[in-house]
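This report concerns only the one structure given below.
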Amino acid sequence: MTTLALIFAILAAVSLAAGALFWYAMRQRPPLSRPLPFISPPWRKLTSEEREAVERYVTALATASSGVLPGGASKPAEKLVLTSQSQHVYPVTRAITRYGLSTDEPHKWRYYLDEIEVHLPPQWEQYITDENYVEIIRTQTMPLVISLNGHSLVNYAQEQAALPGVPRAAAPSASIRQEESEHVDLLRVRRETPEEMALRRPEGTREALAACAALLLFFCALLAPAVLMPWLLLIGSAVLAVSLASLWRPLREKSRRDIHCLRGSPKRWGLFGESNQGQMNTVSLGIMDLIYPAHWQPWVGHDLGQQTEIDIYPTRHVVRQGRFLSLQDEVRNFPLQRWRKNRVLALGSLLVLVLLIVWVPLGMPLKLSAAWLKGSDRVEVTSVDELEKTPLRVGDLLSVQGTGMCSVPASYQHNRAYAFMPFDCSAIWWNNARPLPAPQSDVIDKAAALLTTTRAQLHPPSSTDPKINPQLASAIQKSGMTLLDDFADIVLRAQELCSDRQDCVRLKNALVNLGNAKDWEALVKRADSGALNGTNVLLRPVSAEALENLVNTATSAFFYRETHRAAEALNSPPPGGFLIYSDEGRQLVSQQPPTTSLYDLNPLEQWRELQRLSGQLLHTPFAANGIITSLSVDANGTRQIAIHSAPDTLTLGRYIGTALLLALVTLSLIINSILALVRLRRDRLRQAAIQHYYEKCFNQTLTPVKNLRSLF
């Protein structure tokens, strides 16, 4: 088991380290070198001929001194840089989307597969069709197309020499839009603002799930074996740190995207756009289909057909249009409300809290953790007076030695075993009062006398009874009969024990029949007067056995009753003093417990065992050592002190960890529940406030921003 646990711990640590390195590598890669959504196996390796052609083409791009690319296209903003990933060729069948800007530079085109920009050699534009078979490789900046519909970079030099300087018009079936007559000016290229970046930022749901997983790992660490506990804590701490760092990491400057600031006349097309399939009445600027936020649709039409400044991402998503429509202003005036991560954290905290309440005892961890925070003292006493003068607090380490009395509980717990029944030596009464006397009972003495005389006559010793003729005794023995040679003594002992009319009814009736008397009072009167002296009663074996059973039954009732009364009487210690008890049920005395429980013995032996235990435990040495977990005073003025064994380092660590985890998940549940509810409400109000803001703006009855914020 230990070997498997060690292997599991090593694998977990290695997995954690590999995951952290992979996460860091993914975060540090340039955006365009990350995995592309349309790439899927199978892939192949570049051939040596293709590798030479690619390197030749990339070198030509990098060394072009005139700023014009091979074939006449303009030089891109970033150079193509080959990496180790450039050795893999990925085949793709996709439509190619092209859009361009009206600038002073010729052939300013950009090409996209889905929403990913790719580099297409400029002479291949004429080969674009509706569905294109493309082979691409990765570079550090953007994917490079090395083959298009059967045309490869291997033959690119010959194609370039055979074609004129200006590329031919695209084929009629190409999935690109011909340049329109509208003039679109590129004013500038800027970096997106922090407010615009915040819109792209994920809500943090994945990070919140990772934080909840870390809380579950902490919970598992509390229940796991000691060999796994540090590894689970380490993994959970690392996951929690990474998730929280991802949630609250600041926006990085290098992650900002470019935004193109354009000027032109947007127009609405009553057609399906190329990249907005399914959205009617697409708005286009020149040859570009624009993608607007959904809540802008009522207001986009105000700027149609007019010269308007529009800011867009390279993916044609609009972030600002005209004078009023602006995502930056929305975020600035009406802050984003990210509530989903708070909902996930609240649900995860609730789950861990329920698991803690169900699976982990919380009383002791909370008490010891609170005592550990307050500080504790060590108290050692050997007398009652010394303990009374010592101030005690929960969490103090108490060591007591003295002589006290084991308690007798008023009620017994079914889930515990009591070694000194009816005494409970896990709780000690300690005071200066005189010890209680051992239990005594006249009723027990009378019952024992009746039982003794009956057994002596029913089971006489082997020696011949001098009161009986030897020949008669021999004849009785041979016949199997039993002779009661002192029947009057049995009657008198029964009368002393069963003095009340309702006591021992069956036994009295049997004795009346054996004595051939009218009733019990007459039989007793004869026995008192001596009329039964010398009277012998001869019993058959069945009758003798029946008489013995009746005597045992009658005396057993008295034995049980008196034993319970004596035990209850022991549960009346003198007032004052102390009751020191172990909340674990640990014995505080060094005496060896009896091998047989009190109530497993026969009635007479129960009484004798109670007397023996009383003589031993009513005044017995004890030693109590542990941490004080509870202090109270009962109605008799007795100070009750609960102690718990001082935990070892591992147990104390589990206790403190349990208390910290309980506080953490409780605080997380409260805070995230409140934040989720508040932010959810504000998010709904935010949409209405934004609509109200735009209504005021486009109706030319502008309201100050500070007044608009009051609507949110």
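Couple of notes before you dig in:
- Selection status of ASP583, free of Cβ contacts under 8 Å to residues at least 12 places away in the same chain and assigned by TED's automatic domain parsing to the domain that holds GLY626: no
- Residue in the stretch 172-182 that is modelled with pLDDT of 55 or more, within 55 Å of the chain's Cα centre (by Cα) and acidic (Asp, Glu) present: no
- Test: ASP519 is in contact (Cβ under 8 Å) with a residue 12 or more places away in the chain and either of a type outside the set (S, T, N, Q) or not assigned by TED's automatic domain parsing to the domain that holds MET481 (or both): no
- Of all residues in the stretch 216-258 being in a helix (DSSP H, G or I) and in contact with an Asp or Glu (Cβ under 6 Å, 6 or more places away or on another chain), the one that is surrounded by the most Cβ atoms within 10 Å (Cβ to Cβ): SER243
- Matching option when the condition is surrounded by 17 or more Cβ atoms within 10 Å (Cβ to Cβ) and on the phi > 0 side of the Ramachandran plot, among ARG338, ARG316: ARG316
- Residue tally, condition touching a Pro at 6+ places or on another chain (Cβ under 7 Å) and modelled with pLDDT under 75, over the stretch 120-171: 2
- From the options SER265, SER255, SER246, residue that is under 30 Å from LEU285 (Cα atoms) and either in contact with a Gly (Cβ under 9 Å, 6 or more places away or on another chain) or modelled with pLDDT of 85 or more (or both): SER265
- Residues located in the stretch 402-418, provided they are buried (at least 18 other Cβ atoms within 10 Å of the Cβ) and either part of a loop (DSSP other than H, G, I, E, B) or not assigned by TED's automatic domain parsing to the domain that holds GLN616 (or both): VAL408, TYR418
- Every condition in (1) in the same structural domain as ASN625 (by TED's automatic domain parsing); (2) more than 60 Å from the chain's Cα centre (by Cα); (3) of a type outside the set (Asp, Glu) holds for LEU514 except the one numbered (1).
- Filtered residues of the stretch 424-455 (kept if crowded, with 16+ Cβ neighbours inside 10 Å and in a helix (DSSP H, G or I)): ILE444, LYS446, ALA447, ALA448, ALA449, LEU450, LEU451, THR453, THR454
- Listed by position, the helices (runs of 4 or more DSSP H) contained in the stretch 279-367 that have at least 1 residues being under 30 Å from ILE671 (Cα atoms), modelled with pLDDT of 85 or more and polar (S, T, N, Q) are 327-333, 340-359.
- Checking each residue of the stretch 617-637 against the condition of being more than 24 Å from VAL379 (Cα to Cα), touching a strand residue (DSSP E or B) at 6+ places or on another chain (Cβ under 8 Å) and not β-branched (Val, Ile, Thr) gives at least one match.
- Filter result for LEU511 (crowded, with 21+ Cβ neighbours inside 10 Å and part of a helix (DSSP H, G or I)): yes
- Selection status of GLY637, assigned by TED's automatic domain parsing to the domain that holds VAL384 and either touching a residue at least 12 places away in the same chain (Cβ under 8 Å) or touching a His at 6+ places or on another chain (Cβ under 6 Å) (or both): yes
The values are calculated or read from the model by the stated rules, or taken from the named source; none is laboratory data. Quantities reported herein were computed from a predicted structural model and do not represent experimental measurements. Glycine also receives a Cβ, built like all others from the backbone with ideal geometry; neighbour counts cover every protein chain displayed.
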